[in-house]
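The values are calculated or read from the model by the stated rules, or taken from the named source; none is laboratory data. Keep in mind that this is a model prediction, so the values were computed, not measured. Heads up, the Cβs are rebuilt from the backbone with ideal geometry, glycines too, and the neighbour counts pull from every protein chain shown.
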Amino acid sequence: MTTTPTVAEMLESYFEQRLIKQRQASVSTIRTYSEAIRLLLVFAAQQAGIAPSSLTMKHLDRETVLAFLDHLEVERRNSVRTRNARRAALRAFYQYIGYMDPSALGIVGRVLAIPAKHTTTPLLGYLTREELTGLLAVPDQRTAQGRRDYCLLVFMARTGARVSEVIGVNASDLSLQSKATVRLRGKGGRERVTPVSSDAAAAIRALCIERACDMKASVPVFTNGRGQRLTRFALTHLVRRTVAVVCETIPSLAGRPISPHTLRHTAAMHLLQAGVDLNIIRSWLGHVSLDTTHHYVEADLQMKEKALERSGIVEPSKARYVASDEVLDMLERYR
């Protein structure tokens, strides 16, 4: 007689067998999936008035998932993009449930049929060279924390590394010779070697000497005051704190959503504006598809304006359209 697995058993199997052993998912991916499922279980348990450990698949049906996704937007004030990301994580778990518990296929099918919510793709935000210079001037390099903060900021702005890649850098990943490079571990376990600019290399070299790092050891390069590996939250807080200071001297930064990922966009845009080929930028950033890298071309209005100037195209003047009928004239007001 086959026993139907409980939600707890399927959860453990999903993380231990599917994500860790079979997919060999990164720590960041596992954390993302875990948070999405945790939020759903807490919400479903509150709705049912029971403990999360007592939940069954009937408590996790389509209506509950839809209510949960609405809860993310309305009560937790998550963006549509975040809502869709949570939905994607839940879809992966429900697909696994379908394999583990055939009796739940009806619920699984209805949950998988929930569509993503339409959202517009915002233009990529990045810093101009003047704005970046102002940002890098904020940390007080007379102090140990200021030197570390500057090193972090210049490293992110020059390499275009993701947050998870930055905090994951070990001393053994660095090669600080005449042509400095760093080994970064990206999404899906993919590794790449990225050049490090002279100013970033000098800052990292000084930081490692100050901390007496063993350059052959797998010890974190970027640490907090207790010598522990820096967290995603700490890195985000550093950028926000620095931006808050620089806004006093560069008003153009005020009110803009600037995060560590903005520095990644900044590195890409500066490479593009310097004439670096898109394929090289794709490899530099660790993009799987060139389509992702092409978004930077779409974001650079200045490059588009220069291309228009070089083309010699002049838009002809147009005479204003005059409707020949009063009914057509009325409709014109709605165009």
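Mind checking which residues of segment 32-57 are free of Cβ contacts under 8 Å to residues at least 40 places away in the same chain and outside any helix (DSSP H, G or I)?
Listed by number, the residues that qualify are Gly49, Ile50, Ala51.
Quick test for you: out of Leu152, Leu105, pick the one residue that is of a type in the set (A, V, I, L, M) and outside the structural domain of Met57 (by TED's automatic domain parsing). Can you show your working first?
On the way: Leu105 fails: outside the structural domain of Met57 (by TED's automatic domain parsing).
Of Leu152, Leu105, the one residue that is of a type in the set (A, V, I, L, M) and outside the structural domain of Met57 (by TED's automatic domain parsing) is Leu152.
Please state which one of Tyr96, Tyr150, Tyr126 is surrounded by 15 or more Cβ atoms within 10 Å (Cβ to Cβ), under 17 Å from Leu207 (Cβ atoms) and not hydrophobic (A, V, I, L, M, F, W, C). Steps first, answer last, please.
Numbers: Tyr96 fails: under 17 Å from Leu207 (Cβ atoms); Tyr126 fails: under 17 Å from Leu207 (Cβ atoms).
From the options Tyr96, Tyr150, Tyr126, the qualifying one is Tyr150.
Has segment 56-63 got at least one residue that is in contact with a Pro (Cβ under 6 Å, 6 or more places away or on another chain), among the hydrophobic types (A, V, I, L, M, F, W, C) and more than 25 Å from Gly186 (Cα to Cα)? Outline the logic, then answer.
Narrowing segment 56-63 to residues in contact with a Pro (Cβ under 6 Å, 6 or more places away or on another chain): none.
Within segment 56-63, none of the residues are in contact with a Pro (Cβ under 6 Å, 6 or more places away or on another chain), among the hydrophobic types (A, V, I, L, M, F, W, C) and more than 25 Å from Gly186 (Cα to Cα).
Please state which one of Ala137, Ala92, Ala161, Ala171 is within 24 Å of Tyr14 (Cα to Cα) and of a type in the set (Gly, Ala, Ser).
Details: Ala137 fails: within 24 Å of Tyr14 (Cα to Cα); Ala161 fails: within 24 Å of Tyr14 (Cα to Cα); Ala171 fails: within 24 Å of Tyr14 (Cα to Cα).
Going through Ala137, Ala92, Ala161, Ala171 in turn, the sole match is Ala92.
Would you point out which residue out of Thr56, Thr82, Thr64 is assigned by TED's automatic domain parsing to the domain that holds Val108, surrounded by fewer than 16 Cβ atoms within 10 Å (Cβ to Cβ), of a type in the set (S, T, N, Q) and within 17 Å of Ile97 (Cα to Cα)?
On the way: Thr82 fails: within 17 Å of Ile97 (Cα to Cα); Thr64 fails: surrounded by fewer than 16 Cβ atoms within 10 Å (Cβ to Cβ).
After applying the criteria, what remains is Thr56.
Conditions tested, residue by residue: (1) in the same structural domain as Leu19 (by TED's automatic domain parsing); (2) assigned to a helix (DSSP H, G or I); (3) surrounded by 13 or more Cβ atoms within 10 Å (Cβ to Cβ).
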{"residue": "Ala200", "(1), (2), (3)": "no, yes, yes"}
{"residue": "Asp214", "(1), (2), (3)": "no, no, no"}
{"residue": "Val243", "(1), (2), (3)": "no, yes, yes"}
{"residue": "Val276", "(1), (2), (3)": "no, no, yes"}
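I'd like to verify a number: residues in segment 152-174 that are within 21 Å of Ser283 (Cβ to Cβ) and outside any helix (DSSP H, G or I), how many?
In the first step, residues of segment 152-174 are kept if they are within 21 Å of Ser283 (Cβ to Cβ); the result is 155-166, 168-169, 173-174.
Now drop any that are not outside any helix (DSSP H, G or I), which leaves 160-162, 168-169, 174.
The qualifying residues number 6.
Would you pick out the residues in segment 88-116 that are assigned to a helix (DSSP H, G or I) and without any contact (Cβ under 8 Å) to a residue 40 or more places away in the chain? Before you say what the answer is, go through the steps one by one.
First, the residues of segment 88-116 that are assigned to a helix (DSSP H, G or I): 88-100, 102-112.
Result: Ala88, Arg91, Tyr94, Gln95, Gly98, Tyr99, Pro102, Leu105, Gly106, Val108, Gly109, Leu112.
Name the pairs whose Cβ atoms lie under 8 Å apart, with the first residue in segment 121-144 and on the phi > 0 side of the Ramachandran plot, the second at pLDDT below 95 and not in a loop (DSSP other than H, G, I, E, B), and 6 or more positions between them or separate chains?
From segment 121-144, no pairs qualify.
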